[in-house]
Amino acid sequence: MRILGIDPGTGILGFGVIDAPGPGKAHLVDAGVIRTPVKQEDSLRLMTIYDELTEIIEEFKPDTMSVEKLFFAQNVTTAMSVSQARGVVLLAGVKNGLELFEYTPLQIKQALTGYGRADKKQMQEMVRVILALKDVPKPDDCADALAAAICHGMTARFA
């Protein structure tokens, strides 16, 4: 199964593509970020996200998309912006025929580390170990997207 993981964001959206051929197995295919200019109108930023994500889907042909659910307790403006980007991500997935799955940060941490309150460094290290990488993927958004993909790979077998 090929999984596209997404860490939603308007300025920086992380993506990670993995192959999960079986229980406990995951291999990195590609990962990176989609960046949009800070001063650009939201509508243009969202169009960039949609267009670039569609290109990624067409190039790597994932079977499923695993998207991190939003969890914000403080900044409403950031939450609204990320929600818009998340909506575009879900639209791109559906328009390209992908099966969509959503996981909370707690679920992702639990799947990767066995502990729902793991910190960012622990998560990044588990992504590195699970994918047998030499270094932790950078930037953080990329590692978070890979974590979302790995989470689905680990939990899909139980669904």
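The values are calculated or read from the model by the stated rules, or taken from the named source; none is laboratory data. Bear in mind the structure is a predicted one, so any value in this text is a computation, not a measurement. Note that each Cβ is placed from the backbone with ideal geometry, even for glycine, and that neighbours are counted across all protein chains shown.
Each residue in the stretch 36-47 was checked for being closer than 22 Å to Lys69 by Cβ and surrounded by fewer than 17 Cβ atoms within 10 Å (Cβ to Cβ), and 1 of them qualify.
For the stretch 33-54, a residue qualifies if it is in contact with a helix residue (DSSP H, G or I) (Cβ under 6 Å, 6 or more places away or on another chain) and not hydroxyl-bearing (Ser, Thr, Tyr), and the qualifying residues are Val33, Ile34, Leu46, Ile49, Leu53. For the stretch 26-42, the set of residues classified as of a type in the set (Lys, Arg) and part of a strand (DSSP E or B) consists of Arg35 only. Which one is modelled with the lowest pLDDT among residues in the stretch 1-25 that are surrounded by fewer than 20 Cβ atoms within 10 Å (Cβ to Cβ) and in a strand (DSSP E or B)? Only one residue tops the list, namely Gly22. Applying the set (1) of a type outside the set (Gly, Ala, Ser); (2) part of a strand (DSSP E or B); (3) under 20 Å from Ala79 (Cβ atoms) to Arg45 leaves exactly one unmet item: (2). Screening Thr64 against (1) farther than 20 Å from Gly11 by Cβ; (2) surrounded by 18 or more Cβ atoms within 10 Å (Cβ to Cβ); (3) of a type in the set (Ser, Thr, Tyr); (4) out of contact with any strand residue (DSSP E or B) (no Cβ under 9 Å at 6 or more places or on another chain) leaves a single unmet condition, (4). Among residues of the stretch 93-136 being assigned to a loop (DSSP other than H, G, I, E, B) and in contact with a Leu (Cβ under 6 Å, 6 or more places away or on another chain), the one that is surrounded by the fewest Cβ atoms within 10 Å (Cβ to Cβ) is Gly116. Residues that are over 19 Å from Ile18 (Cβ atoms) and among the polar types (S, T, N, Q) within the stretch 56-105 comprise Gln74, Asn75, Thr77, Thr78, Ser81, Ser83, Gln84, Thr104, listed in sequence order.
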